[in-house]
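Comments concern the structure below.
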Amino acid sequence: MKFAIIGGNAQALLLAHLLNKQGEVQLIITNEQQAAELNANGLVCGTEQQQIAVHTDFEQVDPDAYIVITIHSEELPPILKLLKIRRPSNPLIFVQQGMLYVEKARLLAHRQIAAAVLDCDAVKVSAHEIKYTKLPQLSLGLLKGEAQRFDSLTAVDQITVQWTDDIETRLFEQLLRDSLINPLTALMKIEKGRLITDPNAYELFRNLYNEMYLAFPEIESLQPIERVAAYCASRPAEISSMLADRLAGDPMDVDGLMLYILQTAKLDLPLFKAFYHLLKTVEET
């Protein structure tokens, strides 16, 4: 199999590291400095060093490759335009925060488009180095096209891949959970477990959940507070993807995760909106 991974964040580098053991991998990174570091030093994960083809333009993308998109939402419009012009027939897989991209993805002329949720604890140590401790899990489902076109991806050895027939429901469930965890942990620079063990953090977590419940009553069945708390407690030292991006100096994709919630909420969300603007300020500085 051939893969072209667009992005230079922790998830992109982790996917490149793992999929390079399964087939041929290309990394497409618009940041020329990071691309140069990867070409010079290779992609380092623990004691492993891999030489992976890194490019800054789409001309080098193999026309037969699965294109995996991990960039944040603000980078997406020009990337989608380039995909439309340069690689109109490649199958696409969106691995991004939130659901802001879903409608944009559906409007593409590409015939085969999937979305995925990646559950991992990858941390970007430097521009060319990552670390992780647990086997990543990927929930994959179809947005457009034929499911069998993505069958081969479910047999990837290095990642636990689960096919889901209703990927949008899975994305929304993940969105609700991440919207409770990521903003708080990124703002306070704390691990997931401390959301439950720290009294002040837990008070914010509980208040945010109550506010989300008023706007999205379905959260009570999709992501009950006890389940989210148990999830955090089971990963006491793990950091959220948004905090991982902040610590690495990468964009946190605040819009990608939070803007969809603000746009679709049935009611005003003053606490959530305050966290959104705080994080946007942090991201911009």
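The values are calculated or read from the model by the stated rules, or taken from the named source; none is laboratory data. Just so we're clear, the structure is a prediction, and the values are computed from it rather than from any experiment. Reconstructed Cβ throughout: ideal geometry from the backbone, glycine too, with neighbour counts over all protein chains shown. Surface accessibility is based on the protein's heavy atoms, side chains included, excluding ligands, DNA and RNA. Shrake-Rupley method; radii C 1.70, N 1.55, O 1.52, S 1.80 Å.
For the stretch 28-89 and the stretch 163-207, what is the centre-to-centre distance using only Cα atoms, to the nearest Å?
With the stretch 28-89 and the stretch 163-207 each reduced to a Cα centre, they are spaced 29 Å.
Kindly express, to the nearest 10 degrees and within the range 0 to 90, the angle between helix 32-41's C-alpha long axis and the longest C-alpha principal axis of the chain.
For helix 32-41, the angle is close to 70 degrees.
For the chain, build the charge dipole from Cβ charges (+1 Lys, Arg; -1 Asp, Glu) around the Cα centre, then report which of SER73, LEU175, ALA109 sits farthest towards its positive end.
Among SER73, LEU175, ALA109, the one farthest towards the positive end of the dipole of the chain is ALA109.
Dipole magnitude of the stretch 163-204 about its Cα centre, charges +1 at Lys/Arg Cβ and -1 at Asp/Glu Cβ only, in debye to the nearest 20?
The dipole of the stretch 163-204 has a size of about 260 debye.
Report, in degrees rounded to the nearest 10, the 0 to 90 angle that the Cα long axis of helix 76-86 makes with the longest principal axis of the chain.
20 degrees
Which whole-angstrom value gives the distance between the alpha carbon centres of the stretch 259-283 and the stretch 219-233?
A separation of 20 Å, based on Cα centres.
Taking the Cβ-Cβ separation of HIS55 and LYS131 as r and a Förster radius of 30 Å, what is the calculated FRET efficiency to the nearest 0.05? Display every interim value, and only then the final one.
Values: r = 25 Å, r/R0 = 0.82.
Given R0 = 30 Å and the Cβ-Cβ separation, E is 0.75.
Residue by residue through the stretch 193-203, what is 3J(HN,Hα) from phi via Karplus (6.51 cos²θ - 1.76 cosθ + 1.60, θ = phi - 60°)? Round to whole Hz and write x for glycine and proline.
Calculated HN-Hα couplings, in order: x, 6, 4, 9, 8, 8, x, 5, 5, 5, 4 Hz.
Note down the magnitude of the dipole of the stretch 101-188 about its Cα centre, charges +1 on Lys and Arg C-beta and -1 on Asp and Glu C-beta and zero elsewhere, to the nearest 20 debye. Don't skip to the answer; put the middle values down first.
Values: 10 positive and 12 negative charges, 54 e Å.
Result for the stretch 101-188 is approximately 260 debye, rounded to the nearest 20.
Could you pull out every residue, at least 5 positions away or on a different chain, whose amide H is within less than 5 Å of the one on ALA4? Hs are placed 1.01 Å off N in the peptide plane, and Pro or chain starts have none.
The list, which skips near neighbours in sequence, is GLN26, TYR66, ILE67, VAL68.
Helix 10-19: angle to the longest alpha-carbon principal axis of the chain, degrees 0 to 90, nearest 10?
Around 40 degrees separate the two axes.
Exposed loop trypsin sites (Lys or Arg not before Pro) only (DSSP loop, at most 15 other Cβ atoms within 10 Å): please give the longest stretch of the chain free of them, not including the sites.
22-110
May I ask for the longest run of the chain untouched by GluC sites (Glu not before Pro) that are loop-located per DSSP and have at most 14 neighbouring C-beta atoms (other than their own) within 10 Å?
On the way: sites that count: GLU146, GLU218.
Excluding the exposed sites themselves, the longest stretch runs over 1-145.
For a Förster distance of 41 Å, can you work out the FRET efficiency between the beta-carbons of GLN162 and GLU284, rounded to the nearest 0.05? Write down the numbers at each step before the final one.
On the way: r = 36 Å, r/R0 = 0.89.
Efficiency, from the Cβ-Cβ distance: 0.65.
Per residue of the stretch 174-180, what does 6.51 cos²θ - 1.76 cosθ + 1.60 with θ = phi - 60° give for ³J(HN,Hα)? Whole Hz please, x for Gly and Pro, Karplus curve as stated.
3J(HN,Hα) across the stretch 174-180, in whole Hz: 5, 4, 4, 5, 5, 5, 8.
So what is the relative contact order for the chain, in percent, with contacts set as C-alpha pairs under 8 Å and at least six apart? Could you put the intermediate results ahead of the total?
Values: 495 pairs, mean separation 48.1, N = 285.
Computed value for the chain: 17 percent relative contact order.
So with the 1.4 Å probe, I'd like the accessible area per residue for the stretch 21-94, rounded to whole Å².
49 Å²
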